[in-house]
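**Student:** I have a structure here, written as structure tokens, and I will follow up with some questions on it.
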Amino acid sequence: MQFAIPTPDTTLTQALQHKIDRKTKPPGALGRLEALALQIGLVQGTEAPALRQPHIMVFAGDHGAARVGVSAYPQDVTWQMVENFLAGGAAINVFCRQMGLGLTVIDAGVNHHFGRRPGLIDAKLGPGTANYLERPAMDVETVRPALSRGRELAHALAANGCNCVGFGEMGIGNTASASLLTHCLTGAALSTVTGRGTGLDDAGLARKRALLETALARGGRPTDPIAALAEYGGFEIAMMAGAMLGAAERRMLLLIDGFIVTAALLAAHAIDPALLPYCVFAHRSQEPGHRVQLAHLQAEPLMDLDLRLGEGTGAALAFALVQAAVGFLTEMASFESASVSGRSA
């Protein structure tokens, strides 16, 4: 499957860096915000970037393996939490309201019928994936439509004026899926990238690791992203990967959340690494596998708050820093405009 992601125009680098350096501050005094401002300027191809219609997309899907004990919670929590999102009661709703972010929930494959609801897009590929301990989570022929549907959703968001999108997810069992995908796509040991997810105790973690080893004994370690998604992925993870690629095609800034979202990014990056310059890594999750993912992508996140909720909450919180980076670049006075003396030679 081919994507057409433009390469940011690096000829603007010198002009942007000069603008950053001439603000009324010592060079580098705003630290990581300066690099973020430069990145956003390059993504948008302008010395005066703006954030338009910023949005969070939360992809939801069920996992067949959740029925055999890879999570501390029952599978019904997936649809119950989607209902919570639609009612405005989840953490992601609170943070989106606080940050002025739009929010859309995408039913990529939840084992529940929601009907037509405001704020919900029905993109259901099925009532959840198969149990990957017994057979592939989905057919290869299903992965490509999932990527295409995600791409279409991102393109539609861009057509409505959005140029900054964050990604979140909901799916009981999806940390286990993310662990398997991370193992496949980075080569890190499965034990290193498998954590407690929604709060497993020691016995539950040992059981989860044993179940995932059983899955690997059946399906092996595919390194091709399409094959890996088919063996162990979720509908929400595959569709999110397509949305990331589609968003980069439209030169949108991508706010990357935690462990599961970064697993989707690993797949998207393996399909087309050209999307990486468009990605802002919001935070470092408590999940041990997230450090492995970030190292593989050579990414440094903006925050480390011990988050492990998912839903796109880290991406929503990081938006304040994205706003700050754009704000100082476009609104802060320069030494010249403020008639402030610059640094002595």
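The values are calculated or read from the model by the stated rules, or taken from the named source; none is laboratory data. Values in this document were obtained by computation on a predicted structure and should not be read as measured data. Positions of Cβ are backbone-derived with ideal geometry, glycine not excepted, and every protein chain shown enters the neighbour counts.
**Student:** With 93, 111 as the choices, which residue is without any contact (Cβ under 8 Å) to a residue 60 or more places away in the chain and under 20 Å from residue 178 (Cα atoms)?
**Tutor:** Working: 93 fails: under 20 Å from residue 178 (Cα atoms).
Within the list 93, 111, the selection yields 111.
**Student:** Go through the range 149-168 and count every residue that is surrounded by 21 or more Cβ atoms within 10 Å (Cβ to Cβ) and not polar (S, T, N, Q).
**Tutor:** The qualifying residues number 12.
**Student:** Consider only pairs whose beta carbons are under 7 Å apart and that are at least six residues apart or on different chains; among these, list those whose first residue lies in the range 140-152 and is touching a residue at least 24 places away in the same chain (Cβ under 8 Å) and whose second residue is surrounded by fewer than 16 Cβ atoms within 10 Å (Cβ to Cβ).
**Tutor:** 144/1; 147/1
**Student:** Just to be sure I understand, how many residues within the range 71-87 are within 22 Å of the chain's Cα centre (by Cα) and of a type in the set (A, V, I, L, M)?
**Tutor:** 4
**Student:** Can you go through 156, 238, 230 and tell me which one is more than 25 Å from residue 130 (Cα to Cα), at pLDDT 95 or above and either part of a helix (DSSP H, G or I) or not assigned by TED's automatic domain parsing to the domain that holds residue 104 (or both)?
**Tutor:** 156
Matching residues to (1) out of contact with any strand residue (DSSP E or B) (no Cβ under 9 Å at 6 or more places or on another chain); (2) surrounded by fewer than 14 Cβ atoms within 10 Å (Cβ to Cβ); (3) modelled with pLDDT under 95:
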| residue | (1), (2), (3) |
| --- | --- |
| 33 | yes, no, no |
| 36 | no, no, no |
| 45 | yes, yes, no |
| 50 | yes, yes, no |
| 59 | no, no, no |
| 62 | no, no, no |
| 69 | yes, no, yes |
| 73 | yes, no, yes |
| 89 | yes, yes, no |
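**Student:** Determine which single condition residue 86 fails, assuming it passes every other condition in (1) out of contact with any helix residue (DSSP H, G or I) (no Cβ under 8 Å at 6 or more places or on another chain); (2) more than 30 Å from residue 211 (Cα to Cα); (3) part of a loop (DSSP other than H, G, I, E, B).
**Tutor:** If we test residue 86 against (1) out of contact with any helix residue (DSSP H, G or I) (no Cβ under 8 Å at 6 or more places or on another chain); (2) more than 30 Å from residue 211 (Cα to Cα); (3) part of a loop (DSSP other than H, G, I, E, B), just (3) comes out false.
**Student:** Further question: Of the residues 52, 97, which is outside any helix (DSSP H, G or I) and on the phi < 0 side of the Ramachandran plot? Step through it out loud before you land on a result.
**Tutor:** On the way: 97 fails: outside any helix (DSSP H, G or I).
After ruling out the rest, the residue left standing is 52.
**Student:** Does the range 294-304 contain at least one residue that is within 23 Å of residue 81 (Cβ to Cβ), touching a Pro at 6+ places or on another chain (Cβ under 9 Å) and either small (Gly, Ala, Ser) or assigned to a helix (DSSP H, G or I) (or both)?
**Tutor:** No; the residues of the range 294-304 include none that is within 23 Å of residue 81 (Cβ to Cβ), touching a Pro at 6+ places or on another chain (Cβ under 9 Å) and either small (Gly, Ala, Ser) or assigned to a helix (DSSP H, G or I) (or both).
**Student:** Next up: Here are 300, 287: which of them is surrounded by fewer than 22 Cβ atoms within 10 Å (Cβ to Cβ) and either charged (D, E, K, R) or on the phi < 0 side of the Ramachandran plot (or both)?
**Tutor:** 300
**Student:** What are the residues in the range 254-273 that are surrounded by fewer than 24 Cβ atoms within 10 Å (Cβ to Cβ), touching a Phe, Trp or Tyr at 6+ places or on another chain (Cβ under 8 Å) and of a type in the set (A, V, I, L, M, F, W, C), if any?
**Tutor:** 271
**Student:** Just a yes or no: is a residue in the range 197-215 in contact with an Asp or Glu (Cβ under 9 Å, 6 or more places away or on another chain), crowded, with 24+ Cβ neighbours inside 10 Å and under 28 Å from residue 254 (Cα atoms)?
**Tutor:** Scanning the range 197-215, I find at least one residue that is in contact with an Asp or Glu (Cβ under 9 Å, 6 or more places away or on another chain), crowded, with 24+ Cβ neighbours inside 10 Å and under 28 Å from residue 254 (Cα atoms), so the answer is yes.
**Student:** Which pairs do you get when a residue that is in contact (Cβ under 8 Å) with a residue 40 or more places away in the chain, found in the range 239-260, comes within reach of a residue that is of a type in the set (Asp, Glu) and in a strand (DSSP E or B), reach meaning Cβ atoms under 7 angstrom, with the pair 6+ apart or on two chains?
**Tutor:** 240/169; 260/169
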